[in-house]
Every structure is written in structure tokens, then in C-alpha cells.
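Colleague: My questions all concern the structure below.
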Amino acid sequence: MLFPEVTAVRAEAKRGVQFCSGQETIRLSITSCIMSIVQLPLITATDSTPFAFLIHFRKEIRKDLACYHPRLEAIPEFICRGVFEGTNMPALKWGGVMDDVMGRELGSNQLIPLSAETMIRRNPPKARRKIESTLDKLVRKGVGIVGLGALTAPLMKGGLLLRNRKDIGVTNGNAFTAVIMYEAVVKLLVRNPDLSRRVAIVGASGSVGSCLARQLVRRGGVDEVLLIARNVPRLERLRKELKGINPAVRLTIGNDIADIRSAQLTVLLTASTDTLVQSEHLCPDAVVLDGTQPRNTSPSLLLDRPDVTVIDGGIVKADGIGLSGGGLGLPSHHYFACFSECVLLSLDGHRDHFSIGNPTLEHVDHITAVAHRFQHYGFQLAPFLSFGKPLVSPYNT
Ligand SMILES: NC(=O)c1ccc[n+]([C@@H]2O[C@H](COP(=O)([O-])OP(=O)(O)OC[C@H]3O[C@@H](n4cnc5c(N)ncnc54)[C@H](OP(=O)(O)O)[C@@H]3O)[C@@H](O)[C@H]2O)c1
């Protein structure tokens, strides 16, 4: 029997023959063979660890159920709430995560059957208990690492509430999310240097927000970074830390969402479930990079303010990764960056905790190196989307 790698090399070479002609065919086929062979030691170097990624319902349960099957959207919302939230339903396997390069299941998406609103406002203790019992179940199934998706991370204090568990590795996925958010910011600054006059980060003291701020300040090239959240002493502590990284960048703080009016580029990274940003908050031609889930912007913003650009943040493209069962509400081969961090750590055979609390620049550099090592799967900043649709704008060129 052929090794799967050899089959992959042959398939790759065959693809080159099918889509091209003449000289170009030969060149492409040879190149793809060499690429695949060069990658062999990388693919086989580590034994991957089974992983699970925790997800939950965002705003309307029926809309998220439609990611499993479109017909489920027809179920009235009150019935969905009764079934999923009114009972003590355990976590459900939403679907498998496939390694399309090697043709095997790498891990699974596990649905915590609660809405964002219930997790953060209505009944956080119930949600925490459900996460703990889900982890117990995953340990019994031999899962080595679990990723805290969307608001399960803030709910578990960025994973800090789970750090004493020694039976399973935990990551909040925020290091790679901050890497991808940073890459999106840099892409925007390169396309439009005017944006670098003042960049606002809303949720700057949070896990992703602070890690993005660290990277931006380390790079420099922005005149001012405006740090926004509600708790000012936390922002003051962050400002002090950032000054130590690069004193050349001007750092200001604010505790009112209206402060973003002075910024050309606003990055949203709060753990709020509300639509925080309204049209009157934004300056002319403002760009908003919204990394929140559930999001803090609404599509009506674009109707009120056609001059404004809203970009979906934290989205990765990984052509070598596929899903079976329910989707995550993103186009094919597009994934949330926190999910991608968990897959990457699993591919790398990681079993311990990784990003817990606020990730450091060391976490950033480590996960960037892992993504580079597994670049044959993709794992790069996706072309910009706006409310799930391709963004038609010079920013996307
Ligand atoms: N796309 C992805 O792959 C991905 C990955 C991870 C996370 N996320 C999303 O990123 C967001 C941040 O996650 P996180 O783990 O960094 O959360 P976090 O650590 O809890 O941080 C939240 C930040 O938002 C601030 N905040 C909360 N409510 C606010 C409000 N009403 N107005 C202004 N600031 C507010 C908090 O500070 P104060 O409490 O002081 O206001 C804090 O600075 C979440 O929406 C999460 O779902 C996306």
C-alpha cells in the first residue's frame, strides 16, 4: 500500500497536469512534487493530538442551527431556547475537523448549548459548570487539548479558571487571534498610511486587545494608539507596560465608545454582546475592524454611513482543513483564528496549556512559528470579508 504522503504527492502532480499545458505543466508538476516532498518531514514530524474546540450559540439560536442544516432556521426561536436552554442538555458534537492534507479527522467542534447572552449575563455559573463537565467528558475520550471558542474564553477568565486542570491542555486561542488581527491592521496601514495617525482599540485591556496592542507598539509606525475599555486603572497598567516596549508610540486612554470618533481606524475587541458602534461614533471614511463574536457592529451601519468600511476581524483561511457536520457560519475553508490556534497546537502535538489569560509576545512568536511550520495547510489572514461577504474595496487588493 502506498503511504498517504506519496498519494498526496501524486494527486498534487496530477492536478498540475490537469489544469495547465505545455512547459508550464511540467514546471508546476515538478514544483508541486518538490514542495510536497520537502513538506513530508514536516507533516510526519509530530504526532498530532486530538483536540476539541468549544462553541456556543451567538445571538439567535435558530440562525446558528442553520449552519448545521438550513431548514433548522424555520424553528421558532422560543422553541429553540426551550429545547437547548430550558433543559440541562450536555455539550453536543457539532462536527468533525478534517485534515484534508492527510485525509483524517483531527478533532471536533463541541457545542455548549447556551446562547452568548445566557453565558455572559443570564447564568454564567451554569455555563461554567457546563464547560467543566464537558472537559471531564473530553478527557475520558482522550482529547489532549481544548480551545475555548468565542465567549467561553472571557467566561472562564481567558482560561485562568481552568489553569489548575492537569488532565487536559487549554488554550483561549487569543495569541493567534491577536496575530491575525495584527496582520489585518498592518495590511490596512500599508494600503492607507493615513490610518496610522490614530488607531483605536476598543477592549484594549482584554486578552486579545492587549496582545494586539503589544504587537502594534513593538512594530511602531503608528503615531498614536488610543486604548479604550471601561476600567481605567487596567488601561493605565497596560499603558505603562506598553511604554516599556516602545516609548516612541504615543498612547492615550479613553473609557467611552464615543472616543473612537477621533480615530481613523478602530479595532473592536470587547467581550460585549451589544451593538456598541453606532454611525454617530465614527469619523468620515473611518475603517472598523470588528473582531468581536457576537459582533459589536450591525449591517445597518453601512446603510447609514456608506463612507465607512467595516471588516470582519480574526478570520483565517486554511485550505488544508475541512469540516464535517455543522459549519461555523463562515465561507468554505475560512475559520476563526482562535479555532486555528487550537488546530495548530494539535498538529504540533501540544498537550499542555497554551494561551491562558492575556497572551504574551512569546506566545505570539511561538504560534507564528507553528503556523509557519504547518503553512501547507494555509493558516493565513483571509482576504477581507465584510459581514461575511467579500469586501469590495482597494483595502482588499
Ligand atoms: N475571531 C476570533 O477568532 C476570535 C478569537 C478570540 C476572541 N474573539 C472575540 O474577541 C472579543 C474579545 O475577547 P477576549 O477574550 O479578549 O475578551 P476579554 O479578555 O474579556 O476582554 C474584553 C475587553 O473588552 C472590554 N469591554 C467589555 N465590555 C465593554 C464595553 N461595553 N465597552 C468597552 N469595552 C468593553 C473589557 O474591559 P472592561 O471590562 O474594563 O470594559 C476588556 O478590555 C470577544 O468578542 C471574542 O468573542 C474572536
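The values are calculated or read from the model by the stated rules, or taken from the named source; none is laboratory data. All values derive from a computational prediction rather than experimental measurement. With ideal geometry, Cβ positions are generated from the backbone for all residues, glycine too; neighbour counts draw on all protein chains shown.
Colleague: Could you list, in sequence order, all residues of the stretch 153-182 that are under 13 Å from the mean Cα position of the chain (by Cα) and over 21 Å from ILE260 (Cα atoms)?
Modeller: Residues satisfying the conditions are ALA153, THR171, ASN172, GLY173, ASN174, ALA175, PHE176, THR177, VAL179, ILE180.
Colleague: Also, I was wondering about something else. Of the residues that make up the stretch 204-212, is at least one within 13 Å of the ligand (Cβ to nearest atom), among the β-branched types (Val, Ile, Thr), more than 29 Å from CYS283 (Cβ to Cβ) and surrounded by 22 or more Cβ atoms within 10 Å (Cβ to Cβ)?
Modeller: no
Colleague: Pairs under 6 Å by beta carbon, first residue under 16 Å from ASN109 (Cα atoms) and not assigned by TED's automatic domain parsing to the domain that holds PHE374 in the stretch 329-357, partner among the acidic types (Asp, Glu) and within 15 Å of the ligand (Cβ to nearest atom), six or more apart or different chains?
Modeller: Pairs that qualify, where the first residue is under 16 Å from ASN109 (Cα atoms) and not assigned by TED's automatic domain parsing to the domain that holds PHE374 and the partner is among the acidic types (Asp, Glu) and within 15 Å of the ligand (Cβ to nearest atom): there are none.
Colleague: Shifting gears a bit: Quickly run through the stretch 248-270 and pick out the residues that are surrounded by 21 or more Cβ atoms within 10 Å (Cβ to Cβ) and within 15 Å of the ligand (Cβ to nearest atom).
Modeller: Hits for the stretch 248-270 are ILE257, ILE260, ALA263, THR266, VAL267, LEU268, LEU269, THR270.
Colleague: Quick check, is VAL232 in contact with a Phe, Trp or Tyr (Cβ under 8 Å, 6 or more places away or on another chain) and modelled with pLDDT of 95 or more?
Modeller: When the stated conditions are applied, VAL232 does not pass them.
Colleague: Still on this structure, please answer the following. Could you list, in sequence order, the residues of the stretch 297-320 that are hydrophobic (A, V, I, L, M, F, W, C) and without any contact (Cβ under 8 Å) to a residue 12 or more places away in the chain?
Modeller: LEU303 - this is the single residue of the stretch 297-320 that is hydrophobic (A, V, I, L, M, F, W, C) and without any contact (Cβ under 8 Å) to a residue 12 or more places away in the chain.
Colleague: Also: What residue, of ALA175, ALA150, ALA116, is aliphatic (A, V, I, L, M), within 20 Å of TYR377 (Cβ to Cβ) and within 16 Å of the ligand (Cβ to nearest atom)?
Modeller: Of ALA175, ALA150, ALA116, the one residue that is aliphatic (A, V, I, L, M), within 20 Å of TYR377 (Cβ to Cβ) and within 16 Å of the ligand (Cβ to nearest atom) is ALA175.
Colleague: Considering only the stretch 103-143, how many residues are surrounded by fewer than 19 Cβ atoms within 10 Å (Cβ to Cβ) and hydroxyl-bearing (Ser, Thr, Tyr)?
Modeller: Counting residues in the stretch 103-143 that are surrounded by fewer than 19 Cβ atoms within 10 Å (Cβ to Cβ) and hydroxyl-bearing (Ser, Thr, Tyr) gives 1.
Colleague: Could we say that GLU183 is part of a helix (DSSP H, G or I), surrounded by fewer than 22 Cβ atoms within 10 Å (Cβ to Cβ) and in the same structural domain as THR273 (by TED's automatic domain parsing) here? Steps first, please.
Modeller: Values: part of a helix (DSSP H, G or I): yes; surrounded by fewer than 22 Cβ atoms within 10 Å (Cβ to Cβ): yes; in the same structural domain as THR273 (by TED's automatic domain parsing): yes.
Yes, satisfied.
Colleague: Restricting the search to the stretch 290-319, which residues are away from the ligand (no atom under 11 Å from the Cβ), within 23 Å of GLY173 (Cβ to Cβ) and touching a strand residue (DSSP E or B) at 6+ places or on another chain (Cβ under 8 Å)?
Modeller: Taking the stretch 290-319 as the starting set, the residues that turn out to be away from the ligand (no atom under 11 Å from the Cβ) are 297-311, 317-319.
Retained after the next criterion (residues that are within 23 Å of GLY173 (Cβ to Cβ)): 297, 310-311, 317-319.
Across the stretch 290-319, the qualifying residues are THR297, VAL310, ILE311, LYS317, ALA318.
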